[in-house]
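Please treat every number below as a calculation from the coordinates, not as lab data. Only a predicted model underlies this, so the values are computations on that prediction, with no experimental measurement involved. Here Cβ is always computed from backbone atoms with ideal geometry, including for glycine, and neighbour counts include all displayed protein chains.
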2 protein chains.
Amino acid sequence: MPPETLTPARILEATEDVLRRYGPAKATVVDVARALGVSHGSVYRHFGSKAALREAVTQRWLDRSHTELSAVADGDGPALPRLKEWLTALFAAKRHKAGDDPELFATYMVLVGENSGVVEQHVETMIGQLARIIESGVASGDLTSANATATARAVWDATNRFHDPAYAAEWSRPGIDEAFEAVCELVTRGLRP
Amino acid sequence: MPPETLTPARILEATEDVLRRYGPAKATVVDVARALGVSHGSVYRHFGSKAALREAVTQRWLDRSHTELSAVADGDGPALPRLKEWLTALFAAKRHKAGDDPELFATYMVLVGENSGVVEQHVETMIGQLARIIESGVASGDLTSANATATARAVWDATNRFHDPAYAAEWSRPGIDEAFEAVCELVTRGLRP
């Protein structure tokens, strides 16, 4: 059987495994190469440096729920329920990431701290999706906004307790669902024409 | 001249000085006693343990802006502008704490982490003030809320980027005032009848 082709996706998969096993402080490119049965030179042909590899794996982790969310953002139906659906899907995705594999989550918190540019880009993508929902609602007269991107940013900020990983420890506490509902209600009411 | 009477207020003042000088990891009750020129037994007569002293100094720091804010909460005039005035005063007070003396702020962040009960009590006091504004607005028909405390909690959560010390690093960035205005606008619009 010929060896599997070394793709960026396979390298990132292996990097995540290595990070989970050794932790972000100890994981090296040599560990990643060893896990793949290739030389570290082969890894460097795809990712020019350890920093580039860590940045790419962070990006992949942050993007993991983009597809699902963008389907909601670009879906049909009235904008306000769609906005709530999007916020609910975002909160659910974040909770899963934090709760299903807390060690990997802690690892990514370290990486996120190292790669603030990647995080900013991720936030801009999220705000872009919110802005598309708001624009569609303005077009149909379901909601009001003088500037969709500015409003999207306000919605993002106002809901940060339910997506900023700094609050992850609160996401499993009693009362968090009621708190989420109450903020969603306040925010969607604030967008009514 | 007779020695000044040793009061809890004087001990807390000295504790803050000692914390600023030695940092939260190294400051001891003996350091506080030495700064006051008394025995550590005299300090223990007012605060039974080092933990109790640290808790009290944290409480004092958190409460420092309560008076001013409660004057706004219980002031006259229409509720929605008063709500905005309260949120603005809160953000200003937090920014001052973080920006005027960053080392002391960092010290208190350590203490806040140790004294979660004190923090919870502080948050409940803040939410109580918000609830009083909301109740007065419901009474005068200026705003709508089925449950003033639940709504107050939602307003608190929705504005956390502008009062949670976890975001202190963002409070001096360009655009933060516009972000605050946009969230205030969204929240106050959400309370309209």
- request: Pairs only if they're at least six apart or on different chains, beta carbon under 8 angstrom, first in region B:182-193 and facing chain A (nearest Cβ under 7 Å), second hydroxyl-bearing (S, T, Y) and in a loop (DSSP other than H, G, I, E, B); list them, first residue then second.
  value: B:V183/B:T159; B:V187/B:T159
task: Taking the residues in region B:2-27 that are assigned to a loop (DSSP other than H, G, I, E, B) and surrounded by fewer than 13 Cβ atoms within 10 Å (Cβ to Cβ) as candidates, determine which candidate is farthest from the chain's Cα centre (by Cα).
output: B:P2
- line: In region B:31-67, anything outside any helix (DSSP H, G or I) and either free of Cβ contacts under 8 Å to residues at least 12 places away in the same chain or over 14 Å from the mean Cα position of the chain (by Cα) (or both) is listed as B:G37, B:V38, B:S39, B:F47, B:G48, B:S49
Selection status of B:D157, at the interface with chain A (Cβ under 7 Å from one of its Cβ atoms), among the charged types (D, E, K, R) and free of Cβ contacts under 8 Å to residues at least 24 places away in the same chain: yes
Residue under evaluation A:R173, criteria (1) basic (K, R); (2) farther than 22 Å from A:G77 by Cα; (3) facing chain B (nearest Cβ under 8 Å), criterion not met: (3)
query: Of these, B:T107, B:T151, which one is among the hydroxyl-bearing types (S, T, Y), more than 11 Å from chain A (Cβ to nearest Cβ) and crowded, with 16+ Cβ neighbours inside 10 Å?
result: B:T107
- prompt: Based on what the data block shows, is A:A179 away from chain B (no Cβ under 12 Å), free of Cβ contacts under 8 Å to residues at least 24 places away in the same chain and among the small types (G, A, S)?
  reply: no
statement: Within region B:123-148, of all residues that are within 11 Å of chain A (Cβ to nearest Cβ) and not hydrophobic (A, V, I, L, M, F, W, C), the one nearest to B:P81 (Cα to Cα) is B:T144
message: Which residue is surrounded by the fewest Cβ atoms within 10 Å (Cβ to Cβ), if the candidates are limited to region B:154-187 and must be closer than 16 Å to A:R153 by Cα and polar (S, T, N, Q)?
response: B:N160
